[in-house]
Every structure is written in structure tokens, then in C-alpha cells.
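Notes to accompany the following structure.
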């Protein structure tokens, strides 16, 4: 095999490795620092090798709550009507806004959870995209 053919083969292997696409991993540890195990890799990766979507690690957010009685809201293909439980859709209608509300998620990620990951260019880091459910 000539030197150029060998070089081309090595380059192609590197390209194939970088373009693996979406993979799955398991959360090994969340605190004090995130550690994951990528399927079929056999080694744990800590934050030195990860880029993580903010919503997976952040459990508190500042939000604004808006209520407009009778407003229709479409969520996941289902339409909900914004009503107060206490007035049975009777007049007068109400509306209000609450700013700077602290929203705390009781569960973001925990050991054993499955996540979607993708190797970044160069193959030195993985991007942890989101928590996933279901079997492959």
C-alpha cells in the first residue's frame, strides 16, 4: 500500500469517527460535577470533556406568570382554556401578571438517566443535548 493510500485511509477513519452523530449516554454522577458514560465507550467523561445544555444542570429559573381568563393556549397539540378554578368561567374575567417568580424544578437529571450526546469536532468533547426516554 502506498503512503498516500494509507494517509487517505487514516483520514477517512478520523472523519468517520468525528461524524458519528447522535449517541446515547448514561448519567453516572450529577454532583459535585457531572459525569457521564457514553454507550460502547467504556470510560467515564467528566466536565473537562463535556459541553452541557444549560437546562440540564440549572434547577432554578426566574419566570413571569401571565393569566388572561378565557385565553386559549396550545400546548403539545392540545388546546387549554386559561380559567380560574374558583369562578367556573363566570364574569367578571380576571387577568394578572406576576414577575420575577422563582421556579424550581424538583428533578432535572439524576444518576441512571439517559441522555442524547454528540461528539464535537475534533472528538475531544461531547455535547450533552437532552434527557431521553425509551429503549433503542
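The values are calculated or read from the model by the stated rules, or taken from the named source; none is laboratory data. The model shown is predicted, which means the values in this text are computed figures rather than measured ones. Cβ coordinates were reconstructed from backbone atoms using ideal geometry, including for glycine residues, and neighbour counts include every protein chain displayed.
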Whichever residue in the stretch 23-38 is over 14 Å from residue 131 (Cβ atoms) and in a loop (DSSP other than H, G, I, E, B) and, among such residues, is modelled with the highest pLDDT: 33
Considering only the stretch 85-96, state which residues are assigned to a loop (DSSP other than H, G, I, E, B) and at pLDDT 70 or above. 94
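What do you reckon, is residue 59 touching a strand residue (DSSP E or B) at 6+ places or on another chain (Cβ under 9 Å) and either surrounded by 13 or more Cβ atoms within 10 Å (Cβ to Cβ) or within 21 Å of residue 134 (Cα to Cα) (or both)?
So residue 59 fits the description; yes.
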Take the residues in the stretch 97-129 that are surrounded by 10 or more Cβ atoms within 10 Å (Cβ to Cβ) and touching a helix residue (DSSP H, G or I) at 6+ places or on another chain (Cβ under 7 Å), then tell me which one is modelled with the lowest pLDDT. 123
